[in-house]
Amino acid sequence: MLTPANAELRQTSIVRAIQLAVVVAVFAIWVGLTSSHAVNALFLPAPLAVVGALSRLIGTSGFWGAVGVTTFTTAIAYAIASTAGVVCGFFIGRSPRLTTAYRPVLSGLFAIPLTLFFPLFVVMFGLGPSSKIAFGALYGFFPIVLNTIAGFSGIDRLFLRSAQSQGATRVQMLRYIFVPGAWPIVLTGLRIGFFITFASVLGGETLSSASGVGHAIAHEGDLLESPAMFAWIAIVLSVTIVLNLVLSVVEKRAVRST
Amino acid sequence: MPPAIVVDRVSQLFPGANGAPDARALDEVSLEIKRGEFVCLLGPSGCGKSTLLNIIGGLLAPSSGSVKIGETVVRGPLPSDVAFVFQESTLLPWYTVLENFRVSLEFQGRTDGWREHSMAALTEVGMQGFAGYYPSQLSIGMKQRINMARGIALDTAILLMDEPFAALDEQTRLVLGEDLSVLLARTGKTIVFVTHSLSEAVLLADRIVVMTARPGKIKSIIAVGEPHPRSPDFMLQPHFSEIRNQCYELLRDEIRSTVDAMREARDAHTG
Amino acid sequence: MQSVARRPLSATAIRWWTIAGLIALWEVAARLFGDPSFVAPPSRVLLGLPGLFADPKVAAAIGMAGLEMVIAFMLAVIVGAIVGVAIGITMLGRRSFFPFVLLMWGLPQVVVLPLVILIFGLGPVSRVAFGFTHGVLPVIVTTVTGMRSVSPLLLSSARSMGASQAQILRHIIFPTMVATVFTGLRLAMSLTLLGVVLAELFVSSNGIGNYTQIFAETFHPDKLYGLILVLAVTAVILNELVGLVEKRFSRWKEG
């Protein structure tokens, strides 16, 4: 049956109202549970306590130290993962034979929890950032290489044959068909890879580390300092949301320009 | 005997989205269709022929005007009187062909003897060997054949068909068209058939309702006057070409104005 | 574009030769350059496997981890499907709540791991809980997006044949929903496994985490590698099982 267009508009305001209500309700429940002491303050500290911990945290040398380590680790890990991923993905994706040979293996590997291999990295590289760099690079490599393979192998052979018949050189085909055609998918892979690297670095820091944001969270947990732990979690979640928005916009813009 | 279908000054207005003006799809269309007639609705894209079909079948309520099927005013689907055949196969992909028939008949409220009934309908279109197949295992032509068979199995007096052969190749179209003609002659069903193919309209219809471009009105009704069952040989007769040319003359201006309207809309958008 | 002068190597051959080559490289490099305290060649790892299983406590830890994975997965699928249907069945529900789901989908859940352990303790419950939270989101996402894909044409067709709302629900909406839940199953399994493994490794006083730490600290890399290998194979088997189930229930999809 037909839905008049104005009904959809009316619905949008209801949707916004519901969403606002959800946010308010969650906050209200948080305040209610903590002020009535219905929940152990260890599991759920009061909002004010978290805000207090946040204000005490931000700007301290401990804060910048942890943030610095995590940022540095993530940046290096991502640089390795993206370079290796795009390069390997390019050479594999260009060749149908190599794609058939390696793609299933790579997808299969990506499907298992690679965190299992983290203890190996700790054994080999120690508790410092190196083990997290290696682990983050490994985990981030997979979505990037898989998407790059998909991007390059998915180019319609018809375009290639058509270009060939027009006398295009290899370089020209690369520049005018392969790269623009694969670009959007590769870019998506790079974005996903970033978040996987970031999450893996945090995970590694949480599991075994002496420094970094992940370690800070685990450490506060050990000390039963819930407000401080929640403060760190809030920081990480906010940063992730902002990064996600920024990278999505970057991805959309970059795709539009080709 | 009262006419099978009476369309009385039906108009259809679609509200505009986001402040755009309302679109008038149909404008005071009136039509009487006799029992056992094969009527084609022919017109350019967007002229509202599918909309009209949906209104006749009770899937859509008209903005004004009414439709009567026999003595009853149409207020919703009439599963025991009207069966639809759509352009794409509406066989449910997760059931086999036979299961699809069972479910469709169950919708209609008929559960006794469904198996014999379904197999009989399938045999009519020659698809009895595929009863146990899933739709994904069949070609488009086979699926549309089975779609038609299901329309037959529903055993209604009226069959409403919305460009059912549009996705098929020429040869399959001719064969299925012939089957349809035979069916009509044998059962006396009333068929309303939407198409944008001139040849198909002339080949199959007793009367061709030529519609204008949007807003859709009836421009002219042309009688074909050739008894059913018809064979593709009819296409070789001079009579066929005369009627076809007549239709073309009527449509030519309509198609042109549709193209002009599209051009205007595009220029308004980019300007 | 490939020259076919000699008979070319098939894709399968390339794959297996590469894998064999890498294993051989591992073997040689480990024996020649590897510090035996940290590095073990594959031969020693494989030979050490029976010994690994012989220890009942290690075997129990592996078994427990496997059980946690299965339970977390089933919970994730059931709850995820129900929530997904509840959200996706109305346009209002979907537009209101799906953005929240997508928001949670993008967050690194590992940062709440210490909190989960704090709340649920050091035992299997926290592992199942963490696996559940990882696996439930993709199920919800695929269920909601799948419900959008109920074909309006099929709905029109059913209505024209006189189908009641209950019949439409049973014959059209429900099968569409089931189909879409199945497409998300593999991803749900991968993520559930990830959650369970993270939680297991975080707790070093019992479970897998305990033994990874012991094997590392007592310089038994072969046992460490062996344990990891066994768990990785378990993960592959579970993934394949889910894939098989998915295939069996999607027979009608193949062309």
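How well do other chains shield peptide A:116-128, expressed as the mean number of their Cβ atoms within 10 Å of each residue Cβ?
Values: counts 16, 4, 5, 12, 8, 0, 3, 11, 5, 1, 0, 0, 0.
Rounded to a whole number, the mean comes out at 5.
Summarise the partner chain shielding of C:150-157 as one whole number: the mean count of Cβ atoms from other chains within 10 Å of each residue's Cβ. If you can, show how the numbers build up before the last one.
On the way: counts 0, 4, 1, 5, 7, 2, 9, 14.
Mean shielding by partner chains, rounded to a whole number: 5.
Of A:A38, A:I18, A:V179, which is farthest on the positive side of the dipole of the protein assembly as shown, counting Cα position, with +1 on Lys and Arg Cβ, -1 on Asp and Glu Cβ, and the Cα centre as origin?
A:V179
Grab the DSSP H runs of chain B that are 4 residues or longer, score each as -39,500 (n - 2.57), total them, divide by all residues and round the 222 nm result to the nearest 500 deg cm²/dmol. Kindly include the intermediate steps, with their values, before the conclusion.
Numbers: 7 runs with 103 residues, N = 271.
After summing the helix terms and dividing by residue count, I get -12500 deg cm²/dmol.
Taking the Cα centre of the protein assembly as shown as the origin and placing charges on Cβ (Lys, Arg +1; Asp, Glu -1), which of C:M69, A:T115, C:V203 is farthest toward the positive end of the dipole?
The residue sitting farthest along the positive end of the dipole is A:T115.
Given the options A:A137, A:A210, A:A168, state which has the largest fluctuation in a GNM of chain A using a 10 Å cut-off (strictly under) for Cα springs.
Of A:A137, A:A210, A:A168, the Gaussian network model singles out A:A168 as fluctuating most.
As an exercise, identify the GluC sites (Glu not before Pro) in the range B:229-267 lying in DSSP coil whose Cβ has no more than 16 other Cβ atoms within 10 Å.
On the way: sites: B:E242, B:E249, B:E254, B:E264; in loops: none.
Listed in order of number, the matching sites amount to none.
Which of A:S208, A:V69, A:Q164 sits farthest toward the positive end of the charge dipole of the range A:55-256, with +1 on the Cβ of Lys and Arg and -1 on the Cβ of Asp and Glu?
So the residue furthest toward the plus end is A:Q164.
Would you mind calculating the relative contact order of chain C from Cα pairs under 8 angstrom and at least 6 residues apart, reporting the percent as a whole number? Spell out each step's value before the answer.
Details: 263 pairs, mean separation 67.0, N = 255.
That works out to 26 percent.
Rounded to the nearest 20 Debye, what is the dipole magnitude of the protein assembly as shown about its Cα centre when Lys and Arg each give +1 and Asp and Glu each give -1 at the C-beta?
Details: 59 positive and 49 negative charges, 216 e Å.
The calculation lands at about 1040 debye.
In debye, nearest 20, what is the charge dipole magnitude of chain B about its Cα centre with +1 on Lys and Arg Cβ and -1 on Asp and Glu Cβ, if you could check? Could you put the intermediate results ahead of the total?
Values: 26 positive and 32 negative charges, 53 e Å.
For this selection, approximately 260 debye.
Compute, for the range A:55-256, the length of the dipole vector about the Cα centre, with Cβ point charges of +1 (Lys, Arg) and -1 (Asp, Glu) only. Units Debye, rounded to 20. Don't jump to the answer; show the numbers that get you there.
Working: 13 positive and 6 negative charges, 234 e Å.
Rounded to the nearest 20 debye, it is 1120 debye.
For helix A:179-207, what angle does its Cα long axis make with the longest principal axis of chain A, in degrees from 0 to 90 and rounded to 10?
30 degrees
Determine the sum of side-chain charges near C:R127: Lys and Arg each +1, Asp and Glu each -1, restricted to other residues whose C-beta is under 12 angstrom from that of C:R127. Could the numbers behind the result be given before it?
On the way: positive: none; negative: C:E68, C:E200.
Here the count lands on -2.
Would you mind checking B:K34/B:K217; C:K57/C:K247; B:K189/C:K253; B:K68/B:K219; B:K34/B:K143 for any pair whose Cα atoms are more than 28 angstrom apart? Display every interim value, and only then the final one.
On the way: B:K34/B:K217 20 Å; C:K57/C:K247 36 Å; B:K189/C:K253 35 Å; B:K68/B:K219 22 Å; B:K34/B:K143 30 Å.
C:K57/C:K247; B:K189/C:K253; B:K34/B:K143, as the Cα separations exceed 28 Å there.
Tell me, rounded to the nearest percent, the portion of alpha carbon pairs in chain C spaced more than 36 Å apart. List each step's numbers first, then the result.
Details: 10812 of 32385 pairs.
When every Cα pair of chain C is considered, 33 percent fall beyond 36 Å.
Compute the distance in nm between two label points, each set 7 Å from the Cα along the Cα-to-Cβ direction, one at C:L22 and one at C:L241.
Modelled inter-label distance: 2.6 nm.
What per residue convex hull volume, in Å³, do the alpha-carbon atoms of the protein assembly as shown yield? Numbers along the way, then the final one.
Numbers: hull volume 185.7 nm³, N = 784.
So the per-residue Cα hull volume is 237 Å³.
With both bridge residues required to lie in the protein assembly as shown, what share of the DSSP beta bridges run antiparallel, to the nearest 5%?
Values: 19 of 38 bridges.
Counting DSSP beta bridges with both partners in the protein assembly as shown, the antiparallel share is about 50 percent.
Quick note: the coordinates plus some simple rules give every number you see, no bench work behind them. Fair warning: this is a prediction, and the values are worked out from it, not measured in the lab. Heads up, the Cβs are rebuilt from the backbone with ideal geometry, glycines too, and the neighbour counts pull from every protein chain shown.
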